[in-house]
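Visitor: Quick one: structure below, then a few questions.
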Amino acid sequence: APGPEAGGDQKSDLTLDEVVLDLVAWEGEVPHLYLDSKGYMTIGIGTCLVTKDHAKDPARTLKLPLRKVAEDKFAEDADPLADDDLKRTVFGKIVAMAPKMQAASYQTQPRLAMKREDVHAMVKTFLDEKAWPAIKRSFPNYKDFPKCARRAMIDILYNCGPGFLDAGTPDAPPKAPKMRAAILATDWKSAAKEVPAKGRAERRQWRIDLFNHAQVLKDHQQERVS
């Protein structure tokens, strides 16, 4: 994934393209349906389409802009949108297959896929409807954070859920109170120590590097002021 200094000016806005670039590095980008390592129906940039209790429910799949694709075509050259019956047929074929195979092994006949613009639109929807509202609610000073810290936060929320850094409620305590407190205090060194261990070790280290770079920037700024 792009390093801590990626994106130029660390005070600039975090764009959708930058978020997608980070996420694709860790999640991959698959335009067709496949089963993840747990056997859950997935598509795009690691977007799970079912829950643990409804692993065979095609409801979310039916809402996708899936298109029928000939073997010799790319998704961008796909035919018009597939109907619900075709989506159910393909969903049923894939859900009956074994998990933990390579994503390409889940391409069925007929083959359905999403255009890249639609895959990226799913990330935008996550940001607009889940991540940004959660961040604004929990971190009013978010826009003042260096870009590297914001990138780490978005990656964590995408991987662990948009409520991971929320304050919580009496009935649902916060999932990461130490990390939340460190971020609110812009104590990036402490935030780096609280990065969750979920997933690949390389991804965890990348997040740690992003937060540590934010601390370096903060320390340099304080040195210039003093």
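Each value in this text was obtained by applying a stated rule to the coordinates, not by laboratory testing. A quick note: this is a predicted structure, and the numbers were derived from the prediction, not measured. Backbone-built Cβ (ideal geometry, glycine too); neighbour counts: all protein chains shown.
Visitor: Using amide H atoms built in the peptide plane, which far-off residues or other-chain residues are under 5 Å from residue 50 H to H?
Guide: 41
Visitor: By how many degrees, 0 to 90 and rounded to 10, does the Cα axis of helix 147-160 deviate from the longest principal axis of the chain?
Guide: Helix 147-160 and the main axis of the chain meet at about 40 degrees.
Visitor: Still on this structure, I have one more. Would you kindly give the portion of the calculated P(r) for segment 102-202 that falls above 23 Å, as a percent of all Cα pairs?
Guide: Pairs farther apart than 23 Å: 37 percent.
Visitor: Would you mind finding the longest exposed-site-free stretch of the chain, with exposed GluC sites (Glu not before Pro) meaning DSSP loop and at most 12 other Cβ atoms within 10 Å?
Guide: Value returned for the longest uninterrupted segment is 72-226.
Visitor: What is the gain in length, in nm to one decimal, between residue 48 and residue 108 on full extension, counting 0.36 nm per residue of separation less the C-alpha to C-alpha distance? Walk me through the numbers on the way to the answer.
Guide: On the way: separation 60, 0.36 × 60 = 21.60 nm, distance 1.87 nm.
Between residue 48 and residue 108, full extension yields an extra 19.7 nm.
Visitor: Here is a further query. Quick check: the distance between the Cα centres of segment 161-221 and segment 56-70, to the nearest angstrom?
Guide: That distance is 35 Å.
Visitor: Where in segment 65-168 are there trypsin sites (Lys or Arg not before Pro) that are in a DSSP coil and have at most 12 other Cβ atoms within 10 angstrom of their Cβ?
Guide: On the way: sites: 67, 68, 73, 87, 88, 93, 100, 111, 115, 116, 124, 130, 136, 137, 143, 147, 150, 151; in loops: 73, 100, 115.
Loop-located and lightly packed - 100.
Visitor: Can you give me the P(r) profile for segment 1-117? Cα pairs, bins 5 angstrom wide beginning at 0, each as a whole percent.
Guide: With a bin width of 5 Å, the distribution comes to 2, 11, 20, 21, 17, 12, 8, 6, 3, 1.
Visitor: Which whole-number percentage describes the relative contact order of segment 130-218, with Cα contacts under 8 Å and a sequence gap of 6 or more?
Guide: Computed value for segment 130-218: 26 percent relative contact order.
Visitor: Give me the one-decimal Kirkwood hydrodynamic radius in Å for the chain, with the sum taken over alpha-carbon pairs.
Guide: After inverting the pairwise mean of 1/r, the radius is 19.1 Å.
Visitor: On to the next question. Set the bar at 30 Å for Cα to Cα. Now go through 11/124; 11/130; 63/189; 38/193 and name every pair that lies beyond it. Walk me through the intermediate numbers first.
Guide: Values: 11/124 21 Å; 11/130 23 Å; 63/189 42 Å; 38/193 28 Å.
Checking Cα-Cα distances, 63/189 exceed 30 Å.
Visitor: Show log10 I(q)/I(0) for segment 165-226 at q = 0.11, 0.18, 0.28 Å⁻¹, two decimals, from a solvent-free Debye sum over equal Cα scatterers.
Guide: Summing over Cα pairs of segment 165-226 leads to -0.31, -0.69, -1.11.
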